[in-house]
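Remarks on the structure that follows.
The values are calculated or read from the model by the stated rules, or taken from the named source; none is laboratory data. Quick caveat: nothing in here was measured; it's all calculated off a predicted structure. Cβ placement follows ideal geometry from the backbone for every residue including glycine, while neighbour counts extend to all protein chains displayed.
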């Protein structure tokens, strides 16, 4: 070996010097001549195994090489001179595309490896043959008589009419003949392979042809182990001396051995695997405290500063209160949900919700533009006609940008949704007319501020809020507005928090209503005036509240109403709800700032997009999440809060005066710029 290494070093050194002497620029023919000289000097087609095999193969290799170089000579017609870098790139592409025919050029018996199907391989001699797929219904194939034209009828057609139709049951004899031809084809070695199970783990039946092979070769059947660890122990092809460095590293890892030098030197992801092993050791530990690999990242300073600059989203804060890890995966890591390819062209609740939002927004906006709400009761505008026209426009745009699946299913979804929205529109317009409301703002982006601290021990500070309001209604008689938020629901019936928004708000699971009120407090009066609301100089509009409009087709079947409404009071920030609301918002902000993103398993985990990432089914992780009471208890207390726990208005203080409240230690402060 030492002599071979010295000889190889000498040759490689000489080759390196020769290649280094190539000029940076030359003609195509000049470079070709230099490459041919290097080929004749350093490469010997007759060396090694080629000298013992097909005598014509070295000539074939040499001829293919020189033919490829001839193509490079012709490049001189396009460009006389070329840079070395460009010549090397062209030479490499040409060598990668060049092929050498298998076997001699005189048409004698072929050599090498051929991959053929059974029909193409019949009648061809081989030195060794491997036959795959010897399972029933594969080889032999599944043969069945035609139910509409039996073989007897086929024979009758051939005998009487001369119209030959191949008989189906003759396939049994064809398969036997094909199997016999394959068994006789190899001169030295025949290997028959069959599967025990398919990819889904279902048992497969071996071919009936194997019975004869077993009788003729007793003890020659070799069973391949199922598990990879067993293959390393028993399989001849998996011996340590036959494994590549990457395969050796995998074997060591399966044997609970960490080949650190091998991973760092040879494995393409050695550093990642090394870190992963350390993380795996921490994750598998049975401890009573949550750790860094359970979502306790510590303060993320740059992320927190970016949040304060952009503004906090009510929906995102609600996600943290639902499950801190869910917020971490979606807002910090920006992970996207895994889309199953089979379901990509299906219309689900999310898509239907997007369509319903778009249709209702455009419909109400068009009704307002055409003067429906300002006109007399006998206005010529027909709301249902406007709804249908708007719906078909939205459906058309959606179909151009999203997969909608089978046309007939897509048409069915459109008909069902449009029929449901007709009922929604009728009920909503009746309520608007009876209560004196008028939709005035649609999909309105808002920014506001709320003075609350992320740390209870420090002075409260204003935080920026940003969001989008689905709809804002205005009542001229009340000088008040209300915020309407559409919620498309696919559940069978509403839960407790759907009907009781104050309870959901103090538990952090319905944070949108109070934060919408906080956002609207400073800008809504100006926005309403710009939209045409009649407000006097210096007069502030009063917030009537936030309404959730549930668009739930299955609820309609049970309750007889297409539109289910739930109200959040507009005076929440000046009532006994203020304390619990500030408490939950302070907890959410403090958790994000401190980097506490642990998992909080509950019923929603079944439908969560990140359930495969958070390891909720991993026993050690779930144990730590349940056992670390010091970390999880504040979150658990928030989720069990009730509006009744709030102090009374007298304890919380009088109504908030105009402007910002003076800063006090541990003050209960409401939205900045509150005027009512």
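One residue stands out in the stretch 273-283 among those that are surrounded by fewer than 13 Cβ atoms within 10 Å (Cβ to Cβ) and either over 26 Å from the mean Cα position of the chain (by Cα) or at pLDDT below 80 (or both): the one that is farthest from residue 626 (Cα to Cα), namely 278.
Scanning the stretch 269-300 for residues that are over 28 Å from residue 320 (Cα atoms) and in a loop (DSSP other than H, G, I, E, B) turns up just one, 269.
Of all residues in the stretch 235-250 being in a loop (DSSP other than H, G, I, E, B) and modelled with pLDDT of 80 or more, which is surrounded by the most Cβ atoms within 10 Å (Cβ to Cβ)? For the stretch 235-250, the residue satisfying everything is 243.
Report yes if residue 262 is loosely packed, with under 13 Cβ neighbours inside 10 Å and free of Cβ contacts under 8 Å to residues at least 40 places away in the same chain, otherwise no. Before the answer, list the steps.
Numbers: loosely packed, with under 13 Cβ neighbours inside 10 Å: no; free of Cβ contacts under 8 Å to residues at least 40 places away in the same chain: yes.
When the stated conditions are applied, residue 262 does not pass them.
Which numbered condition trips up residue 617, out of (1) out of contact with any helix residue (DSSP H, G or I) (no Cβ under 7 Å at 6 or more places or on another chain); (2) touching a residue at least 40 places away in the same chain (Cβ under 8 Å); (3) not in a helix (DSSP H, G or I)? Failed condition: (2). Does the stretch 147-163 contain any residue that is in contact (Cβ under 8 Å) with a residue 12 or more places away in the chain, under 24 Å from residue 204 (Cβ atoms), assigned to a loop (DSSP other than H, G, I, E, B) and under 51 Å from the mean Cα position of the chain (by Cα)? Within the stretch 147-163, not a single residue is in contact (Cβ under 8 Å) with a residue 12 or more places away in the chain, under 24 Å from residue 204 (Cβ atoms), assigned to a loop (DSSP other than H, G, I, E, B) and under 51 Å from the mean Cα position of the chain (by Cα). Only helices (runs of 4 or more DSSP H) whose full extent lies in the stretch 441-538 are considered here, and the ones with at least 1 residues that are surrounded by fewer than 17 Cβ atoms within 10 Å (Cβ to Cβ), over 36 Å from the mean Cα position of the chain (by Cα) and in contact (Cβ under 8 Å) with a residue 40 or more places away in the chain are 512-531. In the stretch 320-332, the count of residues that are under 25 Å from the mean Cα position of the chain (by Cα) and outside any helix (DSSP H, G or I) is one or more. In the stretch 251-270, what residues are at pLDDT 75 or above and under 29 Å from the mean Cα position of the chain (by Cα)? Of everything in the stretch 251-270, those that are at pLDDT 75 or above and under 29 Å from the mean Cα position of the chain (by Cα) turn out to be 253, 254.
Only one residue in 317, 307, 352 is in contact with a strand residue (DSSP E or B) (Cβ under 8 Å, 6 or more places away or on another chain), touching a residue at least 12 places away in the same chain (Cβ under 8 Å) and buried (at least 16 other Cβ atoms within 10 Å of the Cβ). Which one?
352
Just one of (1) in contact (Cβ under 8 Å) with a residue 60 or more places away in the chain; (2) exposed (fewer than 15 other Cβ atoms within 10 Å of the Cβ); (3) in a helix (DSSP H, G or I) fails for residue 609. It is (3). Of all residues in the stretch 201-223, exactly one satisfies the criterion of being in contact with a helix residue (DSSP H, G or I) (Cβ under 7 Å, 6 or more places away or on another chain) and either surrounded by fewer than 15 Cβ atoms within 10 Å (Cβ to Cβ) or in a helix (DSSP H, G or I) (or both), namely 221. Looking across 631, 617, 621, 613, one residue alone is modelled with pLDDT of 80 or more, over 25 Å from residue 316 (Cβ atoms) and under 41 Å from the mean Cα position of the chain (by Cα). It is 617. Name the single residue that is nearest to residue 89 (Cα to Cα) among those in the stretch 14-30 being part of a helix (DSSP H, G or I) and within 50 Å of the chain's Cα centre (by Cα). Of everything passing the filter in the stretch 14-30, 28 is nearest to residue 89 (Cα to Cα). Determine, yes or no, whether residue 397 is surrounded by 14 or more Cβ atoms within 10 Å (Cβ to Cβ), farther than 30 Å from residue 594 by Cβ and without any contact (Cβ under 8 Å) to a residue 40 or more places away in the chain. It is false that residue 397 is surrounded by 14 or more Cβ atoms within 10 Å (Cβ to Cβ), farther than 30 Å from residue 594 by Cβ and without any contact (Cβ under 8 Å) to a residue 40 or more places away in the chain.
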